[in-house]
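Engineer: Pasting in a structure now, in structure tokens, and then I'll have a few things to ask.
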Amino acid sequence: MILAEKIMEERKKNGWSQEELAEKLGVSRQSVSKWESAQSVPDLQRILEMSRLFGVSTDYLLKDEVESRPIDQASEDSGKDVRRVSMEEANSFLNDNQSFASKIATGCLIVLSCPIPLILIMALQKADILPLAENPAGAIGVIILLAMVAISLIYFIPAGMGFSKWEWLEKEIFDTEYGVDGMVRSKAEKFKSRFVKAITGGSILVFVGVIAICTGAFIDEKNEPLLMALTCVLLACVGIAAFMIVRAGITSDGFSKLLQEGDYSKEEKSNTLLQTITPLYWMVATAIYLGWSFLADSWHISWIVWVIAGLLYGGLSTALRGLHKSNKN
């Protein structure tokens, strides 16, 4: 193949239009069109940039006699064979990841919503709508709460066990077979609008829940049953928001894992310190959330733990990445 054919083939493999490739190279779409129709030849700087973008050598692009696409540089540097992901494997992973995302999101929804029956029963009891004494009403609520926690485990545990076969995608450096990158990028691009809608919708729901409980307190801060009912509204909003955001986030992460981008880039995979500390960090955050919620009966406010934990994790991960880079240098 000549240079023009190779540029077109590699561009299509990555799922880019001529406009997208032109933007990445800082040239006009007409320039890319002329290159692919062999009406002109890109300069040396553009050749080097395309070599980096496509993950191929300059010899492959420039020499007509080099027909086979060379192995990714990561394979050469490691001195050993690197696992290659086929189109069938990639599609299988994306399907499993979608199922995993739905199950984990549902589990999160149930866990965050489990205090609602308890709080609602106590609100009805205090409003004299439910003909039960406080202790029996509370006992019924606690039983329902524990039952919901148990149900959430039915989602969490099997989902985690079934998805464990794909853990190597997060830890190992791998290559993809022809066409896989383009397919994944195309699906990731189509998912972007859904991701934005999920994050936006989830944020709005949390805001609505906070406004509801604040409005109730403003109207009558001494009306305990009303405030308890509005706390249920807040928890429901937070639970549904978590479902939307978690499902969208896990789905988006699936694309990043296959493309080895973001937190799953080849550089990040070599950061063993970050990989070790991250799960421990979130285990501690979970323990704090559950401890505060159960011991202080603060389900109406303890969800703030996840907001604080998320903000702190951003700083922690940045510091660990900086430490990793300094150690490499």
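The values are calculated or read from the model by the stated rules, or taken from the named source; none is laboratory data. This structure is a prediction, so every number in the text was calculated from the model and none was measured. Don't worry about glycine lacking a Cβ; one is built from the backbone with ideal geometry, like all the others, and counts go over all protein chains shown. What goes into the accessible areas is simple: the full protein's heavy atoms, side chains included, and nothing from ligands, DNA or RNA. Shrake-Rupley method; radii C 1.70, N 1.55, O 1.52, S 1.80 Å.
Engineer: Rank these residues by their accessible area, most exposed first, probe 1.4 Å: Glu23, Glu49.
Structural biologist: From most exposed to least exposed: Glu23, Glu49.
Engineer: Looking at the chain, identify the longest residue range that excludes and avoids all trypsin sites (Lys or Arg not before Pro) in DSSP loops having at most 16 other Cβ atoms within 10 Å.
Structural biologist: The reported range is 84-221.
Engineer: Looking at the square roots a ≥ b ≥ c of the eigenvalues of the Cα gyration tensor of the chain, which shape do they give, rounded for a/c under 1.5, prolate if a/b is larger than b/c, or oblate?
Structural biologist: Because a/c hits 1.5 or more and a/b exceeds b/c, the chain counts as prolate.
Engineer: Can you tell me the accessible area per residue over the chain, all protein chains present, probe 1.4 angstrom, in square angstrom?
Structural biologist: Counting only protein heavy atoms, the per-residue value for the chain is 55 Å².
Engineer: Gaussian network model of the chain, Cα springs within a sub-10 Å range: biggest mean-square fluctuation belongs to which of Asn223, Asn97, Asn14?
Structural biologist: Asn223
Engineer: When a/c reaches 1.5 or more, the comparison of a/b and b/c decides; with that in mind, is the stretch 95-140 rounded, prolate or oblate per its Cα gyration tensor?
Structural biologist: prolate
Engineer: Taking loop as defined by DSSP and a crowding limit of 12 other beta carbons within 10 Å, which GluC sites (Glu not before Pro) in the stretch 158-253 fit?
Structural biologist: Glu167, Glu172, Glu221
Engineer: Still on this model: Just check the stretch 133-279 against the gyration tensor rule for me: Cα atoms, a ≥ b ≥ c as the square roots of the eigenvalues, rounded for a/c under 1.5, and otherwise prolate or oblate depending on whether a/b exceeds b/c.
Structural biologist: Note, shape of the stretch 133-279 comes out prolate.
Engineer: Sticking with this one: Which value, in Å² rounded to 10, gives the accessible area of Asp263 with a 1.4 Å probe and all protein chains present?
Structural biologist: For Asp263, solvent-accessible area is about 100 Å².
Engineer: How far, in nm, would the chain grow between Asn223 and Ile304 when pulled straight, counting 0.36 nm per residue and subtracting the alpha carbon separation?
Structural biologist: Length difference between fully extended and current span is 26.8 nm.
Engineer: Grab the beta carbon distance between Thr276 and Asp297, set R0 = 45 Å, and tell me the FRET efficiency rounded to 0.05.
Structural biologist: The computed FRET efficiency comes out at 0.85.
Engineer: Suppose each label sits 7 Å from its Cα in the direction of the beta carbon; what would the Met161-Phe191 distance come out to in nanometres?
Structural biologist: So the label points at Met161 and Phe191 sit 2.6 nm apart.
Engineer: Also, quick follow-up: For the chain, give the magnitude of the charge dipole about the Cα centre (Cβ charges: +1 Lys/Arg, -1 Asp/Glu; no others), in debye to the nearest 20.
Structural biologist: 300 debye
Engineer: With a 1.4 Å probe and all protein chains in place, put Ile119, Ile144 in order of accessible area, largest first.
Structural biologist: Ile144, Ile119
Engineer: So, with a 1.4 angstrom probe, what is the percent of accessible area on the chain that is carbon and sulfur?
Structural biologist: On the chain, the fraction of accessible area on carbon and sulfur atoms equals 62 percent.
Engineer: Simple spin-label model, 7 Å along Cα-to-Cβ: Lys266 to Ala133 in nm?
Structural biologist: Here the answer is 7.1 nm between the modelled labels.
Engineer: So which helices of the chain fit the span-like rule, where a helix is a whole DSSP H run, its Cα atoms reach 27 Å or more along the axis, and its mean Kyte-Doolittle is at least 1.0?
Structural biologist: 134-163, 224-259, 272-296
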